[in-house]
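The numbers here are math on the coordinates, done by the rules we state, and not lab data. Bear in mind that the values here come from a model prediction, so they are computed numbers and not experimental data. With ideal geometry, Cβ positions are generated from the backbone for all residues, glycine too; neighbour counts draw on all protein chains shown.
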Amino acid sequence: MTVDERRRVKRLPREVRERQILDAAVRVFSAQGYHNASMDEISDVAGVSKPMIYAYLGSKEDLFAACIHREATNLLDAITRGVHVELPPDMQLWHGLRAFFDFVGEQREGWQVLHRQAISQGGPFSEELLAMRDQAISIVDTLLVRVATKQGLDDNATEALAAALVGAAESLADWWLDHPDVPSKVVASRLMNLAWMGFGDLVEGNTWHPVD
């Protein structure tokens with residue numbers, strides 16, 4: 001790196017530098033896992049020194065936590081933007097699912113860190129994921145409450161149904177990581193059919209009961 005290049009690097013705003021480091025960290029963590037990822041490799045991928053990483057984002061543990069927080073925040077923002085409250089409930093859910101799977105498809109490394117790596121590490125890392133899941137459940141629950149209010153569905157059941165749907169979406173996204181050739185719209189459509197066909201009966205008061 002020339003002297004002029006080093007000078008230009010130093011002039012980058014802090015938020016740009018942090019994004020550069022986080023992008024590199026997500027790439028390395030997704031490929032190597034938390035334990036096998038090294039700060040040396042992250043430094044090489046980011047094109048900055050290790051002392052700069054420590055100065056901007058702290059230790060390897062701090063850096064991993066920052067990656068999880070950023071990816072979780074971006075995912076929730078994408079879902080929130082995807083749900084248009086002026087549309088019918090089924091289209092709200094459809095656009096929310098499309099936003100979720102579009103994000104996973106475009107940010108596969110981020111989703112791998114967020115879901116697979118965070119879960120496997122546990123502790124404070126998984127707590128960030130659980131907080132994200134709770135917010136996602138709240139978004140879906142709000143949608144189902146609106147449906148319940150209009151159609152007579154027992155709104156005491158909406159949170160449980162929302163949790164089931166969020167869990168199904170996460171599982172399907174995890175499956176999709178290993179089947180990247182399937183288009184995001186197709187993946188979202190499969191879950192939409194599984195979920196809404198059931199919800200459609202529920203909002204009309206058609207429920208299944210076991211025979212005693």
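Things worth noting here:
- Among residues other than Ile137 with Cβ under 14 Å from its Cβ, the summed charge is -3 (Lys and Arg +1, Asp and Glu -1).
- The per residue volume of the convex hull around the alpha-carbon atoms of the range 88-127 is 66 Å³.
- Think of the range 35-146 as having a plus end and a minus end, set by charges on the Cβ of Lys, Arg, Asp and Glu; of Ala118, Met52, Ile42, Ala118 sits farthest toward the positive end of this dipole.
- Projected label points at Asp178 and His35, each 7 Å from Cα along the beta carbon direction, are separated by 2.1 nanometres.
- Cα extents for the range 1-106 along the principal axes, largest to smallest and rounded to whole angstrom: 58, 32, 20.
- Only the Cβ atoms of Lys and Arg (+1) and of Asp and Glu (-1) were treated as charged; on that basis the dipole of the range 58-110 about its Cα centre amounts to roughly 40 debye.
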